[in-house]
Structure formats: structure tokens, C-alpha cells
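A.B. asks: Starting off with a structure, shown below.
The values are calculated or read from the model by the stated rules, or taken from the named source; none is laboratory data. As the structure is a computational prediction, the values presented were derived from the model and not from experiment. Backbone-built Cβ (ideal geometry, glycine too); neighbour counts: all protein chains shown.
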Amino acid sequence: MHADKRRWFYAFRYFYSRKCSSLHVSSCAILSAFISVHRRLIIVLFLSHSVAAHAISDISITAERLEHTQLDVKNLALQLNLRAPLLQLQSKAMLKPRAQTEWTQLSLRCEALSSDIQTLALQCPQLLLESSRMKLPFSVIFHQQAGNAPQFDIDLQLDKGSFSDAAGLHAAENLSGNLSMRLGRLGAGWQWQGDINWQKGEIFWQPFYIANGGHRLKAVGNIEDNLLSFNQAYLYVKDVGELSANGQWDMTKSQFQSLQANLAQLNLQTAYPLLFKPLLQKTALADAEVSGLASVKLEIQDAEPKSFALALKDVSIKDNRQKFALYGLNADIPWDYDVAKQVRLRYSHGELLKMPLGNTDIRATLDRYALTSPEVRLSILDGALKLKNVSAAYRDSQWFWHLAAKLEPISMQDFTTALHMTPMLGKASAEIPLVTYAAGSLVTDGSLDLHMFNGTVTISNLTMQTPLGIAPKLNADIAMRNLDLGMLTSTFSFGAIEGQLDGDVKDLELQNWKPVRFDAKLRSSPGNYPKKISQRAVENISALGGGGAAAAIQRSFLRFFKQFNYGKMGLSCRLRNDICEMDGVESTPHGYVIVKGSAIPAITVMGYNQTVGWSDLLARIKRVTEGNTKAVIN
């Protein structure tokens, strides 16, 4: 009998040490080490079955301090009652893993369910682990069948448990659930089956927060040579989906040796906030609404990914910061380590940075970690953005890609209306020989030429950092040539100006799409052409420069003229640290000339505010372009 009991004990300890090492749960480690420290006490308990004489009715054991390589125990009190029809055990102790400083109180009350010495059956209706940050009340039923192939059955019920850690990264409240486990000897290893039923309660495990129960995990498998094999594994997450899997987990290397997983139908509306959003906080999908269905298949062989397949059905993705949105998204994205696969992605409509997107169908080839496509056409308003010779590769945990881009002519009136801007006339088109993206940085080789207001706007040296990230950054130079001032000023309700306009914006830097730095100059184009400016335009220009031209007009005979002649005009702004240093076509001791008169009737408009806060200047521009005919002079 003594040898049988020892065989049971070592198998029982083996079971707990294996499970604890794979789960890394501190309470499980405490119980495992506690059993190891008290192995002699446990053997005494079960050897008491064979005591023929019942002269001893109670056994009490106390210990002030016990030490183990993994655990310290103090204030141990154990009482064994032999008078009851079956054995009863009560114990209390303070436990502390060697690596920690806080003590945990363990208290339990157990009783034997059978007097058969060939089997061990224990019921522990009260088992409590408690500390300042943990309260885990369990009830446990344990069965053990002795013999050459021992078998162990355990049923553990947790009722309204709670825990937290000092860092605030892990916590639970009112956590209730059931764990059923069977472990049996099979040759040199063990065969097992388990069922974990999370019934209710909330848990936070950085970065995930799950507020309700109703989730379940069931599996069967075996353990041998540090390899945990599982098949018929089934994970059900309430309102999200069901995952089936089989494979092998290398407990020494903490990695999958093999895996076949299938998630047939995933509800993205519930899965995104629960499972994906916590992992995407530093990406463009950090604050999005997602709906639709997805399916996923994954295969791992020899600890390396072998194949993957993602299918999307009627998916909608909307960024709450209004940076992008896609609707009616359907996709078939297969991947194989050895075989190139054809990828297809379609969406009915959407938007990018408030730019409306039309129906699009994308086809590409996915060859291991590289994607190629001869042409991708993205519908935009009445035109399209054509991407040619698309090539992308994933290396060192980063994406690298390059392509050529051409913007087919789109209506500027439709474009500005869609972006809720003042409507503009003309068409916009562009062609870039090469666009390169590497390590979060986008660089263009070539320029974007926009044709509007009977002139051209050229954007060159365009670079972007994390364009869809939380804080995108853009740098560029902009050159405007021969813009029709008549069309431009009528578009923005500025007051009539005849002539042509040139402009340059050097070293433009936007952070989160807001200007933080540039050197901008606007000036009348060189050449001979009619140059006239209305009284209202004079008032508005005067308001921008902070001058008194409007007042001068009203005090003189100039008030009888509706328009004036000018020789040249210009205004510049050097933006640094949210302050705009302003200048005009000429400097004077007290300011600068914005409009220099010529011929009769002529008028000169001066500016006197040489430094203006950027937000204040924007407010002035907004007032004059929204049709405020009354000048505002500061």
C-alpha cells in the first residue's frame, strides 16, 4: 500500500507541475508547491486508511515555518479527523513564492468520499486563496484510480473570484467558472481532456477587457516529451465566433510545433472591439467601427507558418476620426509559403481623407512575403487614381513598396464640394513616375501637376510619415503659376480682382494635417495684362494686413470709385512657432506694401501687422472669404 500511495502522489504532483508551468498562474503554482512541501503529510493522510486500530481519532500538525525551493510556508495548522464515517481534513497556512514578498492565506476543508483504498476520492467544498489583491474561493472534487495506468479526475468550481496586480495590468471581478480535467497514464506520457467554462464575471488582461462570461474551451490530447498535443479543440466566444483547432505545442520553446485552425464565421462587429481594437491602438484602425463577417484558416508546420486564408463578406470599416471608410468590402486573400496565390479585394464605395471613393476591384499576386500587380485602378469622383507596377514586400517586420501613380482628370468643382470647401472650377490631374514607401515614410519622385483657375499648381518634394497613423506628417513644396485672379476671387467671395497670380510655398510641413512651418509668397504674375481691384477687395486685403486703406477710401474722393488700377501686389507669410511674419511687395519704415497703385484711379494698400498669430490670420481669412464685406481692422 505504501508504494501505491507514493506512486499516486508523484503522479498527482507531476500533473500539477505540468499544468502550472504551461499556464503560468500564480495560484496554481502556490498549490503545486504546497503539495510538494507537504508530501509526507499527504502520505500520512492516505496511509491512515490502512490503520487497523482506531485508537487515534484526531491528528493535529502545526509548523511555524517550512521552506521549499519555490515556496515559503508559515503558521501551518493541519487537523485530520478520523472519527467521522470518512476522513476529514482541515488546514490553514500562509504561503509565499520565493520571488515575491506578499503572503497568501490558504484555507481548505476536505473529506473523503470513499473508504476504498484502491481509489482516492476527495471533496473540498471550501478552498480559499486570499491576499490583499486576491480572493479565489474554490470547490474541488478529485478522483484517482490506482494501478499500472493511474487516472485522475478533477472538477474545480470558482465562485465570484477576484484578483489584481500592483501594475494594474491584470484584474478580475466576480469571476465564476468551472474547470473539468481528466488525466490518464498512456505509455511514457499522459492522455488528457479538459473543459473550461467561463460562466460570468469580468476580466482585464492587458490589453484585453471582457465584461461577461458565456465563453468555453474544450479539448482532448496527450503530453509526452515536453510536447502538448491537442485535437478536437473547440473555443467558443459568445457573440463572436467558434474556433476549431488541432496541433502540437512545444512547452520547452513556448511555440506551436504544428497547428491547423479554422474560424468559420467571425462577427466583426463584436469581435473588433473585443479582440482586435486593443491590439491596434497605435495604428490607423485605433478608432474605427467595423461590421460584417470574416473567416480565417491557418496552418503551421515545423514551427513555421505554412498557409493562411482570409475571407471578408460585406464588411464596412469607418474611422471615427473621418480619415477613411470602406463599405461593401469583400475579399479573398489566400497565402501559401510555397505556392503563389491570386488575391482579390472589392468595395462598393468609401472615402479617404474625406475624398469620395467609387466602386473598385483590386487583383494581385501574393508570393510568400511579396505582392505584385501590374495595375490597380481606384475610382475617385469622375476620375480615377491609377497605380502601375505595384510591388510590395514585407521584411524585418516592416512593409516596403513602390509604384507609379497617375491621377486621371477629376472635376475640381466636384472635389471641393465633396470636401465641403468653396467650389472651384477646372480639372485636376497628376502623374508621378515613382512613389516609394519604406519604414513608415512615403516619398515621391516627380511632381503632381494640378490644372485649375486657368493656371497650374505643382506639388514637388512630397514626403509623408505615417500617412494613416495617429499623427501623420507631410512635407512638400508648392508652386502656383498664372492663376486667374478673376476666377479665384469670385470663387472665394473675396471681391473682384483682375489679373494673374503666382505663388510659392517652400518647406511646407503639416503635422496631423495642420501647418506648423512654411515660407509662402503670393504675388501678381509678371507680364502685361489688365490689373484692376475692386473697393471690396481692397477692404478685405486691408483687413488681412491690418492696415487702414478701407478707412482712407471712405474719407476721400476714392469712395466714388468701385475699382482701382494696380501695378503689382503681393503678400508673404513666414510661419514659425505658430507666428506668421508678414511682408509685401515692398517694405517701408512703418510696414509693407501689399498693393501698389498705378495710373488713375490708383490706390496703395499698406500692411502694418508684421507679426500675426497663425490662428488669428486664419480667422481673418475665413471672415473675408465667407463674404464679410465689412473690414475688420485690429
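A.B. asks: Residues of the stretch 264-295 being touching a Leu at 6+ places or on another chain (Cβ under 7 Å) and either under 14 Å from F324 (Cβ atoms) or part of a helix (DSSP H, G or I) (or both), which ones? Explain how you work it out, then say what you get.
C.D. replies: Initially, the stretch 264-295 is screened for residues touching a Leu at 6+ places or on another chain (Cβ under 7 Å), giving 265-268, 284, 286, 290-295.
Those that are touching a Leu at 6+ places or on another chain (Cβ under 7 Å) and either under 14 Å from F324 (Cβ atoms) or part of a helix (DSSP H, G or I) (or both): L268, A284, A286, V290.
A.B. asks: When only residues in the stretch 138-163 that are crowded, with 17+ Cβ neighbours inside 10 Å and more than 19 Å from Q193 (Cβ to Cβ) count, which is modelled with the lowest pLDDT?
C.D. replies: Among them, the one singled out is A146.
For (1) assigned by TED's automatic domain parsing to the domain that holds L179; (2) crowded, with 16+ Cβ neighbours inside 10 Å, each residue gets a yes or a no:
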{"position": "W192", "(1), (2)": "yes, yes"}
{"position": "E202", "(1), (2)": "yes, no"}
{"position": "N212", "(1), (2)": "no, no"}
{"position": "R216", "(1), (2)": "no, yes"}
{"position": "K238", "(1), (2)": "no, no"}
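A.B. asks: Sticking with this structure for a sec: Report every pair of residues separated by at least 6 positions or lying on different chains whose Cβ atoms are under 6 Å apart, first residue within the stretch 82-96 and crowded, with 16+ Cβ neighbours inside 10 Å, second among the acidic types (D, E).
C.D. replies: Q88/E111; K96/D72
A.B. asks: Go over the candidates E64, E111, E130 one by one and state the one that is in the same structural domain as S180 (by TED's automatic domain parsing), over 50 Å from the mean Cα position of the chain (by Cα) and either under 29 Å from A166 (Cβ atoms) or surrounded by fewer than 16 Cβ atoms within 10 Å (Cβ to Cβ) (or both).
C.D. replies: E64
A.B. asks: Considering only the stretch 594-614, state which residues are without any contact (Cβ under 8 Å) to a residue 60 or more places away in the chain and more than 52 Å from the chain's Cα centre (by Cα).
C.D. replies: Of everything in the stretch 594-614, those that are without any contact (Cβ under 8 Å) to a residue 60 or more places away in the chain and more than 52 Å from the chain's Cα centre (by Cα) turn out to be K596, G597, A599, I600, P601, A602, T604.
A.B. asks: Considering each residue of the stretch 202-258, count those that are of a type in the set (D, E, K, R), within 30 Å of G292 (Cβ to Cβ) and in a loop (DSSP other than H, G, I, E, B), and give that number.
C.D. replies: 2
A.B. asks: Same structure again: Quick one: would you say L268 is surrounded by 15 or more Cβ atoms within 10 Å (Cβ to Cβ), within 22 Å of G214 (Cβ to Cβ) and touching a helix residue (DSSP H, G or I) at 6+ places or on another chain (Cβ under 9 Å)?
C.D. replies: Answer is yes for this residue.
A.B. asks: Just to confirm my filter: which strands (runs of 3 or more DSSP E) fall fully inside the stretch 381-467 and include at least 1 residues that are more than 20 Å from V505 (Cβ to Cβ) and out of contact with any Cys (no Cβ under 9 Å at 6 or more places or on another chain)?
C.D. replies: Values: elements: 383-395, 398-411, 427-438, 441-445, 448-452, 455-465.
Output list reads 383-395, 398-411, 427-438, 441-445.
A.B. asks: A further question on this structure: Mind telling me which of the residues S316, S307 ends up being over 19 Å from S258 (Cα atoms), of a type in the set (S, T, N, Q) and either free of Cβ contacts under 8 Å to residues at least 60 places away in the same chain or in a strand (DSSP E or B) (or both)? Step through it out loud before you land on a result.
C.D. replies: On the way: S307 fails: over 19 Å from S258 (Cα atoms).
Answer to the check: S316.
A.B. asks: Moving to a separate point now. (1) among the polar types (S, T, N, Q); (2) touching a Ser or Thr at 6+ places or on another chain (Cβ under 8 Å); (3) surrounded by 14 or more Cβ atoms within 10 Å (Cβ to Cβ): which one isn't true of Q260, the others all being true?
C.D. replies: (2)
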